[in-house]
Amino acid sequence: MISIEQMVSIMEALPDPVFILSRSGKYIDVFGGRDTRYYHSGKELIGLRISDIVEGEKAKWFLEQIALALESNKLLIREYELHNVEIDRALADGPQQPIWFEGRIQKLDFLIDGESVVLWVASNISERHEMEIKLRELSDTDQLTGLFNRRKLEHDLILHYDAFERHAVPTSILMFDLDNLKIVNDTLGHYAGDEIIMMIGDICRSELRKTDIACRFGGDEFVIGLPSIELEQAVQFANRLRKKVKRDMSLLSTGETTVSISIGVATMEPVDRSYEDTLKRADGALYEAKRCGKDQVVAS
């Protein structure tokens, strides 16, 4: 049989910190936490309350999870982020970067000082979280240009259409492709064509706001989403983009071939049943821009 002293020694040796917390958020006891990635061993937290350590909404969130674990009597698994600037009593040698934790919260079948208590095990998942972010970014990114891909565009445009339908927040869509890229590919090779496509990605990043969406739709076709932008402003932006592309492309050696872009512009309207209706109108406007001589902007 393991003695109480041996059990305490085992608990103290745990790499992950284990907290005994009351319903009111009081730290009853702390075990483990030997992993130096954590802010501190946690022993100095004993007797304090969560509200003494973190403030505002973060403290409220912790108390809500404790209450839910007590009421459900089920194991709760929650992921959360902590940064030492959020922690009033963080030690000076605590990590400067945010740390992501997976908390496992379970009700204990006894009271302490008349209060229900939970066991809260905090596991550092920062490396896993960072890897998940990188994988998500890769799944949403076009490898050649670094812009978003079609999958990410469709996801975001669904959200913007919902905002338009619910709150009348407009989103304009630009669809454009490169004029004469096939000639460049045929005369100078596909490497030159890829270099031009990569330049388009750089130009889009330099011209767009953080809230805008730039996507390589396929081949030499691109789509830009402009949230909170009406048609007139979108057309003005499209013309600035067209001139910027033409100016920058003139500095690139493409022989006698002029590389430019043709752009179709459309803004979400009440008659649109989905973002796809807006996108189709932008596509139709792009076709009209090509038909009318290229290197121009047409609005739908």
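Suppose we keep only residues that are outside any helix (DSSP H, G or I) and under 19 Å from F62 (Cβ atoms) within segment 118-150. Which one would you say is nearest to the chain's Cα centre (by Cα)? I'd like the intermediate steps shown before the answer.
If we filter segment 118-150 for residues that are outside any helix (DSSP H, G or I), which is where we start, we get 118-125, 141-149.
Those left that are additionally under 19 Å from F62 (Cβ atoms): 118-125.
On the way: V118: 32, L119: 32, W120: 28, V121: 27, A122: 24, S123: 23, N124: 21, I125: 18 Å.
Applying the filter and picking the extreme gives I125.
Being out of contact with any Ser or Thr (no Cβ under 7 Å at 6 or more places or on another chain) and either assigned by TED's automatic domain parsing to the domain that holds K290 or in contact (Cβ under 8 Å) with a residue 40 or more places away in the chain (or both) is a property that I197 lacks.
Quick test for you: out of E232, E256, pick the one residue that is modelled with pLDDT under 95, of a type in the set (D, E) and over 24 Å from the mean Cα position of the chain (by Cα). Can you show your working first?
Details: E232 fails: modelled with pLDDT under 95.
Result: E256 is the single residue among E232, E256 that is modelled with pLDDT under 95, of a type in the set (D, E) and over 24 Å from the mean Cα position of the chain (by Cα).
Checked against (1) touching a residue at least 12 places away in the same chain (Cβ under 8 Å); (2) within 17 Å of L157 (Cβ to Cβ); (3) in contact with a helix residue (DSSP H, G or I) (Cβ under 8 Å, 6 or more places away or on another chain), E269 passes all but a single condition, namely (1). Residue count for segment 151-191 under the criterion of being in a loop (DSSP other than H, G, I, E, B) and open to solvent by 40 Å² or more (accessible area, probe 1.4 Å): the result is 3. Checking each residue in segment 99-120 for being open to solvent by 40 Å² or more (accessible area, probe 1.4 Å) and touching a residue at least 24 places away in the same chain (Cβ under 8 Å) picks out W100, R104, Q106, K107, I112, D113, E115, L119.
Within segment 24-71, the residues that satisfy the criterion of being part of a loop (DSSP other than H, G, I, E, B) and at pLDDT 90 or above are S24, G25, I46, G47, L48. The set of residues from segment 192-233 being outside any helix (DSSP H, G or I) and polar (S, T, N, Q) comprises T211, S228.
Within segment 39-56, does at least one residue satisfy the condition of being farther than 16 Å from V117 by Cα, in contact (Cβ under 8 Å) with a residue 60 or more places away in the chain and either crowded, with 17+ Cβ neighbours inside 10 Å or more than 32 Å from the chain's Cα centre (by Cα) (or both)? There is at least one residue in segment 39-56 that is farther than 16 Å from V117 by Cα, in contact (Cβ under 8 Å) with a residue 60 or more places away in the chain and either crowded, with 17+ Cβ neighbours inside 10 Å or more than 32 Å from the chain's Cα centre (by Cα) (or both).
The residues listed here are L159, L138, L147; of these, the one that is aliphatic (A, V, I, L, M), touching a residue at least 12 places away in the same chain (Cβ under 8 Å) and more than 25 Å from P15 (Cβ to Cβ) is L147.
The values are calculated or read from the model by the stated rules, or taken from the named source; none is laboratory data. Owing to the predicted nature of the structure, the values given are computational and were not obtained by experimental measurement. All Cβ positions, glycine included, derive from the backbone under ideal geometry; neighbour counts span all protein chains shown. These area figures cover heavy atoms from the full protein model, side chains too; ligands, DNA and RNA do not enter into them. Shrake-Rupley method; radii C 1.70, N 1.55, O 1.52, S 1.80 Å.
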